[in-house]
Amino acid sequence: MTPRPTPIAPSEITPPEVYFSRRTLLAAALASAASGCVRAAGGEPAGAPLAYERNARYSVSEKPNTYDEITTYNNFYEFGTDKESPSEYARMMRTRPWSVTVAGEAEVRGRFDLEDLLKGQPLEERIYRFRCVEAWSLVVPWVGFPLGKLLGRFKPTSRAKYVELTTLYAPQQMPGQRAAVLNWPYVEGLRIDEAMHPLTLVVVGLYGRTLPNQDGAPLRLIVPWKYGFKSIKSIVQIRFTEREPNTAWNVAAPHEYGFYANVNPAVDHPRWSQATERRLGSPFLAARRPTLPFNGYAAEVASLYQGMDLRRYF
Ligand SMILES: Nc1nc2c(c(=O)[nH]1)N[C@H]1C(S)=C(S)[C@@H](COP(=O)(O)O)O[C@H]1N2
Ligand SMILES: [Mo]
């Protein structure tokens, strides 16, 4: 059981751009390699401590899953298709230096270093529900900031109707990319109003510390009202588009994974029910819990889809 991490003394806190600077992270990596604990030992959160403020307004009151549960049962097909492979192999991915290319329908385009993107950006902790399309779920204390605050800096043009996000492509570091499971690199996308919604987060940490690689370091998306596959990991490109992007799972199996992928207990996956879910860490014989429309965020987001047939746009 991992309780909340011990509070971090203000004296230990450094601004995020310093945490994400190459030198600091190199030092942190060397220190953790030296102590032999790249992976959290004994359930203690790994990673560098982050400065953040909890956002209660956007947090659920459910008990978060443990650090171990969140970091040892993952979907990150770039490291294999079973749940345990990412925590085993994701250390092969180099997350520094890291840059993000911004392209398409925006006035400000180019390649930006991670530390520049995070500079001066206050971080928040938000405890969100997370629901995978496979019908398991988590509650996670993420650390990040609204995607809209990042996208606004690039001044999207009036033609920017969607945003497409792309994961790193590096088969040397991501052994799963040597198998043709998906059409690599992994791509996801949102309609621009979904991307700008205050619940949509860019995540850089969990449990108060920088993300472990298996959870999508150094930065990933979290869209809490959509199935987990929308929440793309280890992002290297943001592209503003006029047309709906071709997203990895939608291209692979369009009848199973829609572009919208809003959590919807009334629309089953062709091969299983979406009415209920299994919360990771709950007792083996515990009843499955009901899945909530929009994963419990209907009050905030249902209006985005007014007039849309949610069976057609699943
Ligand atoms: N690049 C990339 N992003 C990804 C995936 C993936 O395989 N590759 N899997 C998705 C799926 S299906 C889920 S459920 C979540 C899992 O996030 P977690 O492992 O941090 O719980 O990541 C999503 N983002
Ligand atoms: Mo998923």
When the chain is treated as a Gaussian network with springs between alpha carbons less than 10 Å apart, the largest mean-square fluctuation among PRO156, PRO283, PRO245 is found at PRO283
Accessible area, 1.4 Å probe, largest first: how do SER99, SER234, SER273 sort?
-> SER273, SER99, SER234
In nm², what is the average projected area of the convex hull enclosing the Cα atoms of the range 174-220?
-> 4.5 nm²
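Mind ranking HIS269, HIS255 by accessible surface for me, highest first, 1.4 Å probe?
HIS255, HIS269
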Computed over the range 10-303, the relative contact order (Cα-Cα under 8 Å, seq sep at least six) in percent reads 20 percent
Decide, for the chain, between rounded, prolate and oblate: order the square roots of the alpha carbon gyration tensor eigenvalues as a ≥ b ≥ c, take rounded if a/c falls under 1.5, and otherwise choose prolate if a/b is larger than b/c, else oblate.
-> rounded
Grab the Cα-Cα distance for ARG54 and MET92, subtract it from 0.36 nm times how many residues apart they are, and report the gain in nm with one decimal.
-> 10.5 nm
Listed residues ALA195, ALA286, ALA135; largest mean-square fluctuation, Gaussian network over the chain with Cα springs below 10 Å, found at ALA286
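Looking only at the range 10-303, where both bridge partners belong to it, what percent of the DSSP beta bridges are antiparallel (to the nearest 5)?
Antiparallel bridges: around 85 percent, rounded to the nearest 5.
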If the chain between GLU62 and ARG178 were fully stretched, how many nm would it gain, using 0.36 nm times the residue separation less the Cα-Cα distance?
-> 37.9 nm
In Å, the C-alpha Rg and Dmax of the range 188-298 are 15.2, 48
What is the gain in length, in nm to one decimal, between SER303 and THR101 on full extension, counting 0.36 nm per residue of separation less the C-alpha to C-alpha distance?
-> 69.6 nm
Distance-filtered residues of the range 177-202 - backbone nitrogen under 17 Å, label point 7 angstrom along ARG153 Cα→Cβ | 196, 201-202
Within the chain, helix-based [θ] at 222 nm, where runs of 4 or more DSSP H residues each add -39,500 (n - 2.57), nearest 500 = -4000 deg cm²/dmol
Label-point separation in nm, HIS255 to ALA170, each point 7 Å along Cα→Cβ | 3.8 nm
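The values are calculated or read from the model by the stated rules, or taken from the named source; none is laboratory data. Everything numeric here is computed off the predicted structure, so don't read it as measured data. Cβ: placed from backbone, ideal geometry, glycine included. Neighbour counts: every protein chain shown. Protein only, heavy atoms only, side chains kept; ligands, DNA and RNA dropped before computing areas. Shrake-Rupley method; radii C 1.70, N 1.55, O 1.52, S 1.80 Å.
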